[in-house]
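Colleague: Mind looking over this structure? Questions follow.
The values are calculated or read from the model by the stated rules, or taken from the named source; none is laboratory data. This structure is a prediction, so every number in the text was calculated from the model and none was measured. Note that we place each Cβ from the backbone using ideal geometry, even for glycine, and neighbour counts take in every protein chain shown. For accessibility, only protein heavy atoms count, side chains too; no ligands or nucleic acids. Shrake-Rupley method; radii C 1.70, N 1.55, O 1.52, S 1.80 Å.
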Amino acid sequence: MKIFLDTSDLKEIRRATDAGLIDGITTNPSLVAKVAGDRDPKEIYLEICETVNGPVSLEVVGVDRDTMVTEGRKLAAIHENAVVKVPLTEDGLKACRQLVSDGMRVNVTLCFSVSQALLAAKAGATYVSPFVGRIDDISGEGMQLIHQIRQIYDNFGYTTEILAASIRHPVHVAESMMLGADCCTIPPKVLWQLSRHPLTDQGLEAFLKDWETLGANL
Ligand code: E4P
(Lines give C-alpha, C1' and ligand atoms only; values in the text may rest on other atoms or scores of the structure.)
Protein backbone atom coordinates (compact mmCIF):
# COMPACT_ATOMS: atom_id res chain seq x y z
CA MET A 1 0.00 0.00 0.00
CA LYS A 2 1.28 3.45 -0.87
CA ILE A 3 1.58 6.01 1.92
CA PHE A 4 0.92 9.63 1.07
CA LEU A 5 1.35 12.50 3.53
CA ASP A 6 -1.74 14.68 3.88
CA THR A 7 -0.21 18.12 4.38
CA SER A 8 1.22 21.22 2.73
CA ASP A 9 3.76 21.75 5.51
CA LEU A 10 7.22 21.51 3.95
CA LYS A 11 8.95 20.85 7.26
CA GLU A 12 6.78 17.81 7.81
CA ILE A 13 7.20 16.73 4.20
CA ARG A 14 11.01 16.89 4.51
CA ARG A 15 10.93 14.97 7.79
CA ALA A 16 8.99 12.14 6.13
CA THR A 17 10.96 12.11 2.86
CA ASP A 18 14.26 12.09 4.79
CA ALA A 19 13.03 8.93 6.50
CA GLY A 20 12.17 7.45 3.09
CA LEU A 21 8.68 6.65 4.26
CA ILE A 22 6.30 8.29 1.84
CA ASP A 23 5.25 7.72 -1.74
CA GLY A 24 3.53 11.05 -2.40
CA ILE A 25 1.58 13.99 -1.00
CA THR A 26 -2.01 15.16 -0.96
CA THR A 27 -2.86 18.80 -0.38
CA ASN A 28 -6.17 20.63 -0.29
CA PRO A 29 -7.11 24.32 -0.11
CA SER A 30 -7.56 24.18 3.68
CA LEU A 31 -4.15 22.58 4.22
CA VAL A 32 -2.47 25.21 2.01
CA ALA A 33 -4.30 28.04 3.79
CA LYS A 34 -2.80 26.82 7.09
CA VAL A 35 0.79 27.29 5.94
CA ALA A 36 0.77 29.86 3.13
CA GLY A 37 0.77 33.18 5.01
CA ASP A 38 1.66 35.79 2.36
CA ARG A 39 3.10 33.26 -0.08
CA ASP A 40 1.56 32.37 -3.44
CA PRO A 41 0.22 28.81 -3.05
CA LYS A 42 1.67 27.94 -6.48
CA GLU A 43 5.19 28.53 -5.10
CA ILE A 44 4.45 26.15 -2.25
CA TYR A 45 3.09 23.57 -4.70
CA LEU A 46 6.29 23.76 -6.75
CA GLU A 47 8.47 23.33 -3.67
CA ILE A 48 6.45 20.31 -2.56
CA CYS A 49 6.70 18.75 -6.02
CA GLU A 50 10.46 19.30 -6.07
CA THR A 51 10.84 17.77 -2.60
CA VAL A 52 8.88 14.59 -3.16
CA ASN A 53 9.64 11.86 -5.64
CA GLY A 54 6.04 10.83 -6.30
CA PRO A 55 2.55 12.10 -7.04
CA VAL A 56 1.46 15.38 -5.42
CA SER A 57 -2.27 16.10 -5.52
CA LEU A 58 -3.05 19.79 -6.12
CA GLU A 59 -6.68 20.83 -5.95
CA VAL A 60 -8.70 23.05 -8.28
CA VAL A 61 -10.93 25.68 -6.70
CA GLY A 62 -13.29 26.40 -9.58
CA VAL A 63 -16.74 24.84 -9.41
CA ASP A 64 -17.71 24.60 -13.08
CA ARG A 65 -16.21 22.16 -15.57
CA ASP A 66 -14.41 24.68 -17.76
CA THR A 67 -12.80 26.54 -14.87
CA MET A 68 -11.69 23.25 -13.34
CA VAL A 69 -10.17 22.15 -16.64
CA THR A 70 -8.32 25.47 -17.03
CA GLU A 71 -7.06 25.36 -13.43
CA GLY A 72 -6.22 21.68 -13.73
CA ARG A 73 -4.03 22.32 -16.77
CA LYS A 74 -2.20 25.11 -14.89
CA LEU A 75 -1.67 22.90 -11.84
CA ALA A 76 -0.41 20.01 -13.95
CA ALA A 77 2.05 22.37 -15.66
CA ILE A 78 3.68 23.23 -12.32
CA HIS A 79 5.64 19.99 -12.24
CA GLU A 80 5.59 16.46 -13.62
CA ASN A 81 4.69 15.13 -10.15
CA ALA A 82 1.44 17.12 -10.06
CA VAL A 83 -1.83 15.21 -9.97
CA VAL A 84 -4.96 17.34 -10.47
CA LYS A 85 -7.51 17.03 -7.69
CA VAL A 86 -11.16 17.72 -8.51
CA PRO A 87 -14.25 17.42 -6.31
CA LEU A 88 -16.74 14.62 -6.83
CA THR A 89 -19.48 16.73 -8.40
CA GLU A 90 -21.09 16.49 -11.83
CA ASP A 91 -18.75 19.21 -13.11
CA GLY A 92 -15.81 17.62 -11.34
CA LEU A 93 -16.47 14.31 -13.10
CA LYS A 94 -16.71 16.05 -16.48
CA ALA A 95 -13.47 17.92 -15.78
CA CYS A 96 -11.87 14.62 -14.74
CA ARG A 97 -12.82 12.98 -18.02
CA GLN A 98 -11.39 15.91 -20.00
CA LEU A 99 -8.14 16.15 -18.02
CA VAL A 100 -7.56 12.40 -18.22
CA SER A 101 -8.21 12.47 -21.99
CA ASP A 102 -5.57 15.21 -22.19
CA GLY A 103 -3.07 12.89 -20.47
CA MET A 104 -3.20 14.21 -16.91
CA ARG A 105 -3.60 12.17 -13.72
CA VAL A 106 -6.65 13.04 -11.65
CA ASN A 107 -7.57 12.46 -8.01
CA VAL A 108 -11.34 12.73 -7.49
CA THR A 109 -11.80 13.94 -3.95
CA LEU A 110 -14.63 14.34 -1.41
CA CYS A 111 -16.07 10.88 -2.10
CA PHE A 112 -18.68 9.78 0.43
CA SER A 113 -20.58 6.96 -1.29
CA VAL A 114 -19.96 3.86 -3.36
CA SER A 115 -22.06 5.19 -6.23
CA GLN A 116 -19.91 8.32 -6.34
CA ALA A 117 -16.84 6.07 -6.47
CA LEU A 118 -18.35 4.17 -9.40
CA LEU A 119 -18.72 7.44 -11.34
CA ALA A 120 -15.16 8.48 -10.52
CA ALA A 121 -13.95 5.21 -12.06
CA LYS A 122 -16.20 5.69 -15.09
CA ALA A 123 -14.72 9.18 -15.53
CA GLY A 124 -11.25 7.61 -15.71
CA ALA A 125 -9.94 8.89 -12.38
CA THR A 126 -6.44 7.82 -11.43
CA TYR A 127 -7.40 7.97 -7.74
CA VAL A 128 -10.64 8.25 -5.81
CA SER A 129 -10.46 9.67 -2.29
CA PRO A 130 -13.10 8.36 0.14
CA PHE A 131 -13.09 10.52 3.29
CA VAL A 132 -13.41 7.93 6.04
CA GLY A 133 -12.89 10.22 9.06
CA ARG A 134 -15.57 12.66 8.00
CA ILE A 135 -18.03 9.77 7.60
CA ASP A 136 -17.16 8.54 11.11
CA ASP A 137 -17.62 12.13 12.36
CA ILE A 138 -21.32 11.96 11.46
CA SER A 139 -21.71 8.50 13.02
CA GLY A 140 -21.33 6.60 9.76
CA GLU A 141 -18.86 3.79 9.06
CA GLY A 142 -16.07 5.15 6.91
CA MET A 143 -14.34 1.79 6.60
CA GLN A 144 -17.48 0.21 5.19
CA LEU A 145 -17.10 2.57 2.21
CA ILE A 146 -13.54 1.39 1.55
CA HIS A 147 -14.79 -2.19 1.63
CA GLN A 148 -17.64 -1.47 -0.80
CA ILE A 149 -15.48 0.45 -3.26
CA ARG A 150 -12.86 -2.34 -3.24
CA GLN A 151 -15.64 -4.82 -4.02
CA ILE A 152 -17.16 -2.93 -6.96
CA TYR A 153 -13.79 -2.01 -8.45
CA ASP A 154 -12.73 -5.67 -8.28
CA ASN A 155 -16.10 -6.91 -9.59
CA PHE A 156 -15.82 -4.82 -12.72
CA GLY A 157 -12.06 -4.48 -13.13
CA TYR A 158 -11.78 -0.72 -12.60
CA THR A 159 -8.16 0.36 -12.23
CA THR A 160 -8.83 3.62 -10.35
CA GLU A 161 -6.79 3.47 -7.15
CA ILE A 162 -8.58 3.76 -3.82
CA LEU A 163 -6.88 6.48 -1.80
CA ALA A 164 -8.21 6.30 1.77
CA ALA A 165 -8.41 9.90 3.03
CA SER A 166 -9.49 11.89 6.08
CA ILE A 167 -7.48 9.53 8.24
CA ARG A 168 -7.74 10.31 11.94
CA HIS A 169 -5.76 7.59 13.74
CA PRO A 170 -3.58 4.48 13.23
CA VAL A 171 -6.58 2.12 13.26
CA HIS A 172 -7.89 3.83 10.12
CA VAL A 173 -4.55 3.08 8.44
CA ALA A 174 -4.51 -0.55 9.57
CA GLU A 175 -8.09 -1.14 8.44
CA SER A 176 -7.48 0.56 5.08
CA MET A 177 -4.60 -1.87 4.50
CA MET A 178 -6.68 -4.87 5.53
CA LEU A 179 -9.55 -3.84 3.26
CA GLY A 180 -7.32 -3.40 0.23
CA ALA A 181 -7.10 0.36 -0.25
CA ASP A 182 -4.30 1.03 -2.74
CA CYS A 183 -3.07 4.11 -0.90
CA CYS A 184 -3.72 5.93 2.32
CA THR A 185 -3.09 9.63 2.86
CA ILE A 186 -2.04 10.26 6.44
CA PRO A 187 -1.60 13.46 8.46
CA PRO A 188 1.97 13.83 9.82
CA LYS A 189 0.90 13.30 13.44
CA VAL A 190 -0.71 9.95 12.58
CA LEU A 191 2.27 8.87 10.44
CA TRP A 192 4.60 9.14 13.45
CA GLN A 193 2.03 7.52 15.73
CA LEU A 194 2.25 4.45 13.48
CA SER A 195 5.84 3.88 14.57
CA ARG A 196 5.07 3.85 18.30
CA HIS A 197 4.19 0.96 20.58
CA PRO A 198 4.59 0.88 24.38
CA LEU A 199 6.02 -2.65 24.25
CA THR A 200 8.72 -1.43 21.84
CA ASP A 201 9.68 1.29 24.34
CA GLN A 202 9.69 -1.13 27.28
CA GLY A 203 11.62 -3.77 25.35
CA LEU A 204 14.25 -1.27 24.22
CA GLU A 205 14.70 0.09 27.73
CA ALA A 206 15.30 -3.43 29.08
CA PHE A 207 17.76 -4.32 26.30
CA LEU A 208 19.78 -1.15 26.91
CA LYS A 209 19.84 -1.70 30.68
CA ASP A 210 21.07 -5.27 30.27
CA TRP A 211 23.69 -4.18 27.76
CA GLU A 212 24.99 -1.58 30.21
CA THR A 213 25.90 -4.37 32.68
CA LEU A 214 28.43 -5.62 30.11
CA GLY A 215 30.31 -2.30 30.05
CA ALA A 216 31.10 -3.02 26.41
CA ASN A 217 31.04 -0.99 23.17
CA LEU A 218 30.02 -2.04 19.69
C1 E4P B 1 -7.56 14.26 1.20
O2 E4P B 1 -6.89 14.34 0.19
C3 E4P B 1 -7.83 15.38 2.11
O4 E4P B 1 -6.77 16.30 2.03
C5 E4P B 1 -7.92 15.01 3.56
O6 E4P B 1 -7.66 13.65 3.81
C7 E4P B 1 -9.07 15.61 4.28
O8 E4P B 1 -9.10 15.15 5.58
P9 E4P B 1 -9.78 15.90 6.80
O10 E4P B 1 -11.14 15.33 7.00
O11 E4P B 1 -8.87 15.58 7.96
O12 E4P B 1 -9.80 17.36 6.49
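Colleague: Which lysines does LYS209 reach when only Cα atoms under 30 Å apart count, and residues fewer than 8 places away in its own chain are ignored?
Modeller: Within the straight-line cut-off, LYS209 pairs with LYS189.
Colleague: Right, another one. Considering only protein heavy atoms and a 1.4 Å probe, what is the carbon-and-sulfur percentage of the accessible area of the chain? Walk me through the intermediate numbers first.
Modeller: Working: 6130 of 11450 Å².
About 54 percent, which is the carbon plus sulfur part of the accessible surface.
Colleague: Using Cα centres only, tell me the gap between the range 175-201 and the range 72-96 in whole Å.
Modeller: 28
Colleague: Provide, as a two-decimal number, the C-alpha radius of gyration of the range 5-120 over 2.2 N^0.38 Å, N being how many residues it has. Can you show the working numbers first?
Modeller: On the way: Rg = 14.0 Å, N = 116, 2.2 N^0.38 = 13.4 Å.
My calculation over the Cα atoms of the range 5-120 gives 1.04.
Colleague: Per the helix-only calculation at 222 nm, which mean residue ellipticity applies to the chain, given -39500 (n - 2.57) for every DSSP H run of n ≥ 4 and division by its residues, nearest 500 deg cm²/dmol? Mind showing how you got there, number by number?
Modeller: Numbers: 11 runs with 115 residues, N = 218.
Using -39500 (n - 2.57) per qualifying helix, the result is -15500 deg cm²/dmol.
Colleague: Report the charge-dipole magnitude of the chain in Debye, nearest 20, computed about the Cα centre from +1 at each Lys and Arg Cβ and -1 at each Asp and Glu Cβ. Walk me through the numbers before you get to the answer.
Modeller: On the way: 21 positive and 29 negative charges, 63 e Å.
For this selection, approximately 300 debye.
Colleague: Counting Lys and Arg as +1 and Asp and Glu as -1, each charge on the Cβ, what is the dipole of the range 9-138 about the Cα centre in debye, to the nearest 20?
Modeller: It works out to roughly 240 debye.
Colleague: Follow-up. Once you keep just the Cα pairs under 8 angstrom separated by 6 or more residues, what percentage relative contact order results for the chain?
Modeller: Numbers: 379 pairs, mean separation 35.6, N = 218.
Computed over the chain, the figure is 16 percent.
Colleague: Select from the range 36-101 those GluC sites (Glu not before Pro) which occupy a DSSP coil region and have at most 13 other Cβ atoms within 10 Å, ordered by residue number. The partial results should precede the final answer.
Modeller: Values: sites: GLU43, GLU47, GLU50, GLU59, GLU71, GLU80, GLU90; in loops: GLU80.
Qualifying residues, ordered by number: GLU80.
Colleague: For the chain, evaluate the Debye formula with one uniform point scatterer on each Cα (no solvent term) and list log10 I(q)/I(0) at q = 0.10, 0.15, 0.16, 0.18 Å⁻¹, rounded to two decimals.
Modeller: Each listed q corresponds, in turn, to -0.47, -0.93, -1.05, -1.29.
Colleague: Then there's this: So with the 1.4 Å probe, I'd like the accessible area per residue for the chain, rounded to whole Å².
Modeller: Numbers: 11450 Å² over 218 residues.
Using a 1.4 Å probe on heavy atoms only, each residue of the chain averages 53 Å².
Colleague: Another one. State the answer as a single residue: which of THR109, ALA123, MET178 lies farthest towards the positive end of the charge dipole of the chain, with beta carbon charges of +1 for Lys and Arg and -1 for Asp and Glu, about the Cα centre.
Modeller: ALA123
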